[in-house]
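The values are calculated or read from the model by the stated rules, or taken from the named source; none is laboratory data. Please read all numbers here as calculations on a predicted model, not as lab measurements. Please note: Cβ atoms are built from the backbone with ideal geometry, for glycine as well, and neighbour counts cover all protein chains shown. Just so you know, the surface numbers come from the protein's heavy atoms only, side chains and all, with ligands and any DNA or RNA stripped out. Shrake-Rupley method; radii C 1.70, N 1.55, O 1.52, S 1.80 Å.
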Amino acid sequence: MWQLLARLARQLPGEAAHKLAVETLRWQLGPRPVIDAGRLDLAVTLGGIKFPNPIGLAAGFDKNAACYHGALRLGFGHVEVGTITPLPQAGNPKPRVFRLAEDHAVINRYGFNGKGMVAAAQNLQRRQLDAGVVGVNVGANKTSKDPIADYRHAVAALAGLADYITLNISSPNTPGLRDLQTAQHLQSLLSAARAGLDDAKVTRPLFLKIAPDLHDQDLAAIVETAVTSGVCAMIATNTTIARPSGLTSPHAGEIGGLSGAPLFAPATDILAQVVTHAKGRLGVVGVGGVASGWQAYAKILVGADLVQLYTGLALNGPEFPAQILQELLALMQADGVSNLADAKGQIPHATKAIEHAIRLSQTSATQPAKA
Ligand SMILES: Cc1cc2nc3c(=O)[nH]c(=O)nc-3n(C[C@H](O)[C@H](O)[C@H](O)COP(=O)(O)O)c2cc1C
């Protein structure tokens, strides 16, 4: 039944389908999978938080913290809500979300449309703490005169209601936001976020979400600044402004951030570079193009503690998180590992990790990968 509903939703324009999905989950409708891990252990601890499994819903789906309970019930080990800005804002003119069906991808230029931090805080106050891990992703308003101060305000308002905070400095749809990735701005941003935590009188792990469109030198500088500023984990990556050759959809030329299948390889490459620069001093969250268990496993082999996805859910429907978890378990079994710590970082080279995960998927009981 859920597959059928997902197929019907795909007939709607992208943003209408997104709204419908958020409403459905807000009412906690959807499949309720029971994942039997047997003797395998999917739990991950990062920043002192125990995640029941490594697969999370990436930011951008539950922008106003309206449906995280419903999303957790689909099987996600965590949900990252947001991006939440201090003030409500409308975002860019519609249409601003495009499905690239032929390319298994999406382009969006939402531009942080949202109800703002006060409305999000009200929703987060209804949190049942035993329902699962919720991270809060924050950003700056488009017309803010002091974007760095926006991060402080949002952190101060929301940190007490979150398990972790993500500073999103990588959306391509807010002019100037990605400039905060330069080492000099980053230091001020991280001090402002710490001040926000002090304002809220709480301590919370800070995650930093970066773009896939960074040069290695800049990436090295970001990682060093993150380490010295006490960042807990890097999230690699947000959507890309690049348009890889080979896209065939008529929407491929739309302005905005590209996500889904074409992002998988470049985002996994950036993840590998972050792991190399971090030398074990930071946690790492792998995001970008995950649409099957072997892709999640490849990111873990490269060194990811956690894996997030968004476009895979949009294109495959609500049974997708449970399917990924089942595939991940089959791959662990086929690889002879009983917990994720034994797999994490075993193949730090992205292409080799991907090849290994594809080979495993062809011999295990999962959906075989198309090489
Ligand atoms: C429609 C849409 C909206 C998004 N909005 C946000 C956002 O508000 N904040 C953010 O940090 N990332 C946002 N993202 C990026 C995702 O969190 C994720 O990093 C990216 O899409 C790559 O993962 P995927 O290929 O699994 O979708 C958005 C992605 C999509 C497709």
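Numbers below:
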| quantity | calculated |
| --- | --- |
| Tabulated pairs, segment 113-124, first on the phi < 0 side of the Ramachandran plot and open to solvent by 30 Å² or more (accessible area, probe 1.4 Å), second hydroxyl-bearing (S, T, Y) and within 15 Å of the ligand (Cβ to nearest atom), C-beta under 8 angstrom, 6+ apart or interchain | M117/T85 |
| Of all residues in segment 7-18 being part of a helix (DSSP H, G or I) and more than 14 Å from Y110 (Cβ to Cβ), the one that is nearest to the ligand (Cβ to nearest atom) | A9 |
| Complete set of residues in segment 61-108 that are open to solvent by 10 Å² or more (accessible area, probe 1.4 Å), near the ligand (Cβ under 9 Å from one of its atoms) and over 22 Å from A149 (Cβ atoms) | F61, R96, V97, V106, N108 |
| Subset tally (residues that are in contact (Cβ under 8 Å) with a residue 24 or more places away in the chain and part of a loop (DSSP other than H, G, I, E, B)) for segment 247-258 | 8 |
| The listed residue being more than 21 Å from V307 (Cβ to Cβ) and within 16 Å of the ligand (Cβ to nearest atom), out of A154, A149 | A154 |
| Test: A322 is closer than 18 Å to D213 by Cα and away from the ligand (no atom under 14 Å from the Cβ) | no |
| Candidates A261, A291, A267, A296, filtered to the one that is touching a Lys or Arg at 6+ places or on another chain (Cβ under 9 Å) and in contact (Cβ under 8 Å) with a residue 12 or more places away in the chain | A267 |
| Residue list for segment 190-249, restricted to those being within 16 Å of the ligand (Cβ to nearest atom), among the basic types (K, R) and surrounded by fewer than 22 Cβ atoms within 10 Å (Cβ to Cβ) | R243 |
| Listing of helices (runs of 4 or more DSSP H) fully contained in segment 286-371 that carry 2 or more residues being under 16 Å from the mean Cα position of the chain (by Cα) | 293-302, 311-316, 320-335 |
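Yes or no, residue by residue, for (1) part of a loop (DSSP other than H, G, I, E, B); (2) modelled with pLDDT under 95; (3) polar (S, T, N, Q); (4) farther than 24 Å from L258 by Cβ:
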{"position": "I148", "(1), (2), (3), (4)": "no, yes, no, yes"}
{"position": "A159", "(1), (2), (3), (4)": "no, no, no, yes"}
{"position": "S170", "(1), (2), (3), (4)": "yes, yes, yes, no"}
{"position": "D179", "(1), (2), (3), (4)": "no, yes, no, no"}
